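Student: Please find one structure pasted underneath; my questions will follow.
The values are calculated or read from the model by the stated rules, or taken from the named source; none is laboratory data. Values in this document were obtained by computation on a predicted structure and should not be read as measured data. Cβ placement follows ideal geometry from the backbone for every residue including glycine, while neighbour counts extend to all protein chains displayed.
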């Protein structure tokens with residue numbers, strides 16, 4: 001019964017929103033269109049969005065009669081969207097799914113070392129230029145790096161907790177274990193996997209992979225509003 005009431009209330013809100021939309025001025029309509037685009041791309045909760053729009057459009061319809069615009073009430077579209085997204089995160093107090101945090105961390109850590117490998121290869125010559133990280137090692141670097149960053153994120157200390165319960169000891173321990181796991185994996189993959197199937201790439205290829213990885217991290221961070229990672 002409770003679910004039916006919730007669905008009915010949401011449906012009523014949508015119907016009322018359609019009526020309110022017809023009363024908006026062109027300027028306020030464009031403001032709401034821009035806001036909706038940003039919130040939709042950021043996966044803002046659909047039900048919360050409908051109720052929020054209902055409140056905003058009711059205020060807009062009332063205020064536009066005296067010449068007050070959406071920008072005067074809520075700031076720019078991007079400012080309004082940022083405030084709503086931050087408010088949602090604070091209300092939910094949420095942590096993103098583990099797989100998203102792992103992907104976010106893996107893309108960062110893996111791309112950093114792909115960048116280092118690319119620069120090293122391009123600035124070296126002779127035997128050193130042939131000693132780059134192999135493709136399989138590079139893939140493992142992203143995967144295990146993501147796992148390491150996920151482990152670290154789960155033990156982030158809380159400086160606001162009472163003394164003795166802030167978790168710095170666990171954080172140091174988790175960070176040590178995660179980094180040892182990552183270093184061990186990289187060492188073993190480089191030393192044990194034959195070069196014939198783990199051949200290094202040209203330096204420029206590592207730089208391109210690093211750039212793509214950082215770009216993907218930034219895109220996913222913005223699209224999924226990843227919360228709870230190390231960076």
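Student: I need every pair where a residue in the stretch 30-58 that is at positive phi has its Cβ under 9 Å from the Cβ of a residue that is outside any loop (DSSP other than H, G, I, E, B), sequence separation at least 6 or different chains.
Tutor: 43/223; 43/224
Student: Please tell me if residue 209 is over 22 Å from residue 96 (Cα atoms) and either part of a helix (DSSP H, G or I) or outside the structural domain of residue 42 (by TED's automatic domain parsing) (or both).
Tutor: Here the answer is yes, as residue 209 does meet what is asked.
Student: Can I ask one more? If you go through the stretch 161-195, how many residues are assigned to a helix (DSSP H, G or I) and on the phi > 0 side of the Ramachandran plot? Step through it out loud before you land on a result.
Tutor: Step one: of the stretch 161-195, the residues assigned to a helix (DSSP H, G or I) are 168-192.
Among the residues that remain, those that are also on the phi > 0 side of the Ramachandran plot are: none.
The qualifying residues number 0.
Student: Does residue 198 fit the bill of being surrounded by 17 or more Cβ atoms within 10 Å (Cβ to Cβ) and not in a helix (DSSP H, G or I)?
Tutor: It is true that residue 198 is surrounded by 17 or more Cβ atoms within 10 Å (Cβ to Cβ) and not in a helix (DSSP H, G or I).
Student: Still on this model: Condition check: without any contact (Cβ under 8 Å) to a residue 40 or more places away in the chain and either within 21 Å of the chain's Cα centre (by Cα) or farther than 22 Å from residue 99 by Cα (or both). Does residue 176 satisfy that?
Tutor: no
Student: Moving on to the next point. When you check residue 86 against the structure, is it in the same structural domain as residue 45 (by TED's automatic domain parsing) and either in a loop (DSSP other than H, G, I, E, B) or modelled with pLDDT under 85 (or both), yes or no?
Tutor: Criteria met by residue 86.
Student: Are any of the residues in the stretch 165-173 under 27 Å from residue 98 (Cβ atoms), at pLDDT below 90 and in contact with a helix residue (DSSP H, G or I) (Cβ under 7 Å, 6 or more places away or on another chain)?
Tutor: no
Per-residue answers, yes or no, for (1) under 22 Å from the mean Cα position of the chain (by Cα); (2) over 30 Å from residue 43 (Cβ atoms); (3) surrounded by 15 or more Cβ atoms within 10 Å (Cβ to Cβ):
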position	(1), (2), (3)
121	no, yes, yes
136	no, yes, yes
141	yes, no, yes
145	yes, no, yes
164	no, yes, no
204	no, yes, no
211	yes, no, no
228	yes, no, yes
